[in-house]
1. Is it the case that A:Ser239 is under 22 Å from the mean Cα position of the chain (by Cα), within 25 Å of A:Ala36 (Cβ to Cβ) and without any contact (Cβ under 8 Å) to a residue 40 or more places away in the chain?
2. What is the one condition in (1) more than 20 Å from A:Thr46 (Cα to Cα); (2) not in a loop (DSSP other than H, G, I, E, B) that A:Gly95 does not satisfy?
3. On the basis of being in a loop (DSSP other than H, G, I, E, B), over 20 Å from A:Asn53 (Cα atoms) and of a type outside the set (D, E, K, R), does A:Asn244 make the cut?
4. Can you tell me which condition A:Glu80 does not meet? The list is (1) in contact (Cβ under 8 Å) with a residue 12 or more places away in the chain; (2) assigned to a strand (DSSP E or B); (3) not hydrophobic (A, V, I, L, M, F, W, C), and all the others hold.
5. Quick check on my filter: what residues within region B:3-17 are facing chain A (nearest Cβ under 8 Å) and either buried (at least 18 other Cβ atoms within 10 Å of the Cβ) or modelled with pLDDT of 80 or more (or both)?
6. So, A:Trp422, is that one away from chain B (no Cβ under 11 Å), over 20 Å from the mean Cα position of the chain (by Cα), within 24 Å of A:Gln124 (Cβ to Cβ) and crowded, with 22+ Cβ neighbours inside 10 Å or not?
7. Residues being among the acidic types (Asp, Glu) and either touching a helix residue (DSSP H, G or I) at 6+ places or on another chain (Cβ under 7 Å) or modelled with pLDDT of 95 or more (or both): count how many of those fall in region A:382-425.
8. Give me the residue from region B:137-155 that is within 18 Å of B:Thr87 (Cα to Cα) and either of a type in the set (Gly, Ala, Ser) or part of a helix (DSSP H, G or I) (or both) and, out of that set, farthest from the other protein chains (Cβ to nearest Cβ).
Amino acid sequence: MKSSIRAMLGAALVVAAALNAAPAAAQKTIKFIPEADLKSLDPIWTTAYITRNHGYMVYDTLFATDAKFQVHPQMVDRYETSKDGLTWTFTLRDGLKFHDGAPVRSADCIASIARWAKRDVLGQKLGEMTESWTVVNDKTFRLKLKKPFAYVLEALGKPSSNVPFILPERLAKTDAFTQVTDPTGSGPFKMVTAEWVPGSKVVYVKNTDYIPRKEAPSWAAGGKVVKVDRVEWLYIPDSATAANAINAGEVDWWQQLPSDLVPLLSKNRDIKIENTDPLGSIGMIRFNHLQPPFNNQKLRQALLYVVNQQDYAIGIAGDPKNGKPCASYFTCGTPLASDAGSAVLSGKRDLEKARRLVKESGYKGEKVVVLDATDQPIVHPQALITTELLKKIGLNAELQAGDWGTLITRRSSKEPVEKGGWSIFHTWWVGPDLATPALNSALRGAGEKAWFGWPNDPEMEKLRDAWFEAPGLAAQKTIAQQMQLRAWTTVPYIPTAQFTIPTAYRTNLSGLLVSPMNLMWNVDKK
Amino acid sequence: MGVVALFVFSLLYISPGDPAAVIAGDIATAEDIARIRAKLGLDEPYMVRFGNWLWALAHGDLGVSIFTGLPVARLIGQRIEPTVALTLCTLIVTIALAVPVGVVAAWKVGTWIDRSVMGFSVLGFSIPVFVIAYLLIMLFSMQLGWLPVQGYRSINEGWWPFLSHMILPSAALGTVYMALIARITRATMLDVLSQDYIRTAQAKGLSSNQVLLGHALKNASVPIVTVIGIGIALLISGVVVTETVFAIPGIGRLTVDAILRRDYPIIQAVTLLFSGVYVLINLAVDMSYTFLDPRIRY
């Protein structure tokens with residue numbers, strides 16, 4: 001009796017649910033759990049990867065990089081370079097339109113690039129080299145350089161934050177430090193701002209006016225063919241709830257699956273778990289070069305001899321399949337990666353040598369403050385492992401726990417640890433962001449103008465400048481190796497591990513692109 | 001409210017964290033962060049910022065979210081319906097169940113019914129809301145497939161979509177509250193049932209229902225209503241956890257997200273809103289005393 005009542009009640013609920021779900025089945029909608037909440041819509045104002053991914057939905061780029069690191073025209077139809085390499089002329093494809101119906105014009109492109117160049121590290125370099133941008137006509141514009149610059153296309157096709165997306169001129173004229181809140185672009189999706197609930201839901205619909213390129217998609221290059229009508233980003237902060245939602249079929253795709261939930265979802269035959277990010281991310285130990293004790297090079301070197309990247313890989317990724325050592329200052333798997341001098345990190349760990357270096361450094365027992373962000377599953381394990389290593393080599397290490405918001409504020413302090421400063425923090429960068437000397441900000445030695453930690457290494461800066469002048473890939477590789485050899489000596493930071501976070505999707509989806517960015521064109525739903 | 005406003009603003013001012021650093025991201029330099037801070041007016045002195053905020057507040061302007069650039073009033077407006085719906089559903093279900101259960105437990109004191117109610121109360125207090133939530137999801141969503149795992153549907157989308165998304169969150173959130181009210185109802189009823197006028201009513205031949213509801217419950221209602229009022233504070237704190245577990249886009253999650261990323265205008269507005277709600281609830285509870293017990297006058 002009890003079971004029949006239960007069955008009746010269950011049937012009633014299921015029928016009611018089905019009746020209510022029926023109208024929504026008319027169009028193809030992908031329900032997707034993104035890596036984070038979309039807080040800002042402006043991918044120039046912030047470098048947050050979630051905003052970059054949003055940018056790829058609604059904006060388009062002049063050029064784009066493919067999986068072989070080749071740069072291809074995207075919005076641009078054709079381009080010409082003068083014999084002296086100083087003049088570049090770009091012509092836009094036919095039929096490009098913004099979501100408000102206005103045509104994409106040269107003026108829009110110039111204004112967008114100018115704004116991007118104020119914020120992006122490679123954009124700033126391009127800006128330094130630029131004499132002028134001029135409109136030839138509505139579809140053609142011209143770049144004049146002060147001197148030849150080999151990375152014009154690499155800059156305009158930069159795949160990760162900040163990406164040089166093209167906005168309408170009226171929006172692109174906004175100050176680069178003021179947020180643009182209107183998501184009008186010319187990309188393959190349109191954002192439905194009326195349905196945006198920050199912290200919960202972002203809705204995109206197919207841009208039916210978008211004309212994709214004919215080439216096959218590869219990373220952000222090639223044809224951006226949208227095969228669904230609507231995409232809903234549903235931010236579910238609790239990973240157990242997200243796992244239940246995809247297991248129950250309430251969502252189709254979960255961008256970043258925590259390693260501890262892989263076994264649970266693997267049991268479901270309707271779910272596929274894959275690594276779609278070929279380069280993954282790189283963890284790092286960053287030192288404060290301004291304050292004792294890590295203003296002492298020998299102490300930084302000491303830690304280098306005891307860091308075991310495999311430990312960090314397991315700590316971050318959980319499963320060895322998703323994490324591996326990468327003893328290179330340029331992302332493993334990219335053209336400039338090398339093993340030049342890498343034995344200091346990849347060779348046999350040498351505790352005695354590390355202790356000897358500590359002794360030689362004249363370390364006097366100064367407190368070493370390791371900042372931790374317990375709410376960041378990539379930062380927290382690194383901080384724990386490093387603190388243990390520091391104690392092991394005889395340093396007076398103290399782990400100071402907080403949240404990520406506190407860490408990124410506190411790391412800007414240049415004060416001694418007694419006045420709220422710090423000695424070490426950990427972070428991670430996506431693979432493309434550390435792929436070249438132009439992008440790898442952590443490697444720079446620009447002193448107080450450098451990225452947090454402020455290493456002062458004029459020699460490294462000279463090498464970086466030389467890299468920009470290098471005439472071809474072979475020369476670029478040589479200089480990159482010289483930079484890496486120098487970095488193993490000066491130790492601006494220590495790369496900890498290269499890791500990927502798998503993605504999970506239901507088998508009714510197909511066509512997911514393998515790319516360091518989460519791209520949603522080419523994905524179809526049965 | 002003024003004290004709350006001053007307190008919240010001061011607390012945020014001295015707390016660590018900088019929204020400009022969060023916005024700028026990992027690649028930004030200290031100079032980039034300083035420029036963003038200046039653009040947002042976060043480099044202004046304490047008194048200037050407090051004065052600007054108060055002035056805007058006095059004109060009904062809650063400000064603009066530092067991150068989304070959207071008006072805080074709009075963000076709260078988007079989130080208020082799920083939270084109010086969840087709170088009301090929980091309140092209705094728990095009061096409708098807990099008060100009768102407490103009355104019956106008191107009436108049947110010492111029996112298995114009473115012991116069961118007390119056992120449930122202890123469990124209700126002891127098991128955290130999120131554990132109850134996961135257990136309910138596991139049973140009703142994953143095993144039986146009757147109810148959705150997560151999300152919220154507005155009542156405008158139909159009764160069933162709305163209710164199907166409210167049943168599990170309300171049950172999870174209501175357990176603690178139900179345990180509290182049932183326990184208080186039982187204790188108060190036991191006290192009232194031992195009074196002489198109850199014996200007199202029974203001696204006059206009134207039915208059990210008339211004695212329980214007409215005489216005992218009415219006289220026990222003042223402490224029960226007080227606890228219901230206090231319990232709403234408990235509900236609001238529970239809402240944060242429940243909204244997170246069930247991915248309900250309510251005020252609770254808005255608050256937590258705002259705190260994690262230091263979105264000061266939202267934190268300030270939500271805190272003021274909550275304190276205003278508390279004041280109103282306390283006022284309503286105090287007013288209800290005069291209705292429930294005519295001897296009470298203000």
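1. yes
2. Of (1) more than 20 Å from A:Thr46 (Cα to Cα); (2) not in a loop (DSSP other than H, G, I, E, B), only one is false for A:Gly95: (2).
3. Working: in a loop (DSSP other than H, G, I, E, B): no; over 20 Å from A:Asn53 (Cα atoms): yes; of a type outside the set (D, E, K, R): yes.
Judged against the criteria, A:Asn244 is not a match.
4. So the condition that A:Glu80 fails would be (1).
5. Listed by number, the list holds a single entry, B:Gly17.
6. Judged against the criteria, A:Trp422 is not a match.
7. 3
8. Checked region B:137-155; the qualifying residue farthest from the other protein chains (Cβ to nearest Cβ) is B:Ile155.
The values are calculated or read from the model by the stated rules, or taken from the named source; none is laboratory data. These numbers were taken from a predicted model, which means no experiment stands behind them. All Cβ positions, even for glycine, are placed from backbone atoms using ideal geometry, and neighbour counts span all protein chains on display.
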